[in-house]
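Q: Submitted below is the structure of interest, expressed as structure tokens.
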Amino acid sequence: MAKGIMEISDSSFDSEILKSDKPVVVDFWAPWCGPCKAIGPVLEDLAGTYGDQVKFTKCNVDDNPVTPGKFGIKAIPTLIFFKEGKVVDQITGMVAKTKLEDTLKNIL
């Protein structure tokens, strides 16, 4: 798993995301998804910068079908930003690092 990014599953989702004491980014992805691979290094970079304030996680949609279904994920990569257990923002597709950084700053 990428440095500073935790792999989560359907079973660990509630405890790691909804009960987290700091904001969380969940990257819904799959190994076969090109844009998912492209956004990975960007998230690693952001985790290096914001990792002490925000928890960065990844959820493989192939291995964990329940959680993406709960949140209506139709396309990947989809990043969902949680704060105090609630969805505060969502980004779908490959976007610029600056857009992700702006979203992070908004939830801090």
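Each value in this text was obtained by applying a stated rule to the coordinates, not by laboratory testing. Computed from a predicted structure; not experimentally measured. Here Cβ is always computed from backbone atoms with ideal geometry, including for glycine, and neighbour counts include all displayed protein chains.
Q: Checking the table 70/97; 22/74; 19/99; 74/105; 37/97 against a 24 Å threshold on Cα-Cα, which pairs fail?
A: Working: 70/97 27 Å; 22/74 26 Å; 19/99 26 Å; 74/105 26 Å; 37/97 14 Å.
Beyond 24 Å: 70/97; 22/74; 19/99; 74/105.
Q: Determine the relative contact order of region 5-107: mean sequence separation of Cα pairs under 8 Å and six or more apart, normalised by residue count, in whole percent.
A: RCO, region 5-107: 38 percent.
Q: Under the Kirkwood approximation applied to all pairs of distinct alpha-carbon atoms, what is the hydrodynamic radius of the chain in Å?
A: Radius from the Kirkwood sum: 13.5 Å.
Q: Just in region 1-95: which trypsin sites (Lys or Arg not before Pro) are loop by DSSP and have at most 14 other Cβ atoms within 10 Å?
A: Listed in order of number, the matching sites are 3, 19, 74.
Q: Projected area of region 40-86, taken from the Cα convex hull and averaged over every viewing direction, in nm²?
A: 3.8 nm²
Q: Further question on the same structure: Note down the nm distance, to one decimal, between modelled labels 7 Å out along Cα→Cβ at residue 9 and at residue 94.
A: Result: 3.0 nm between the two label points.
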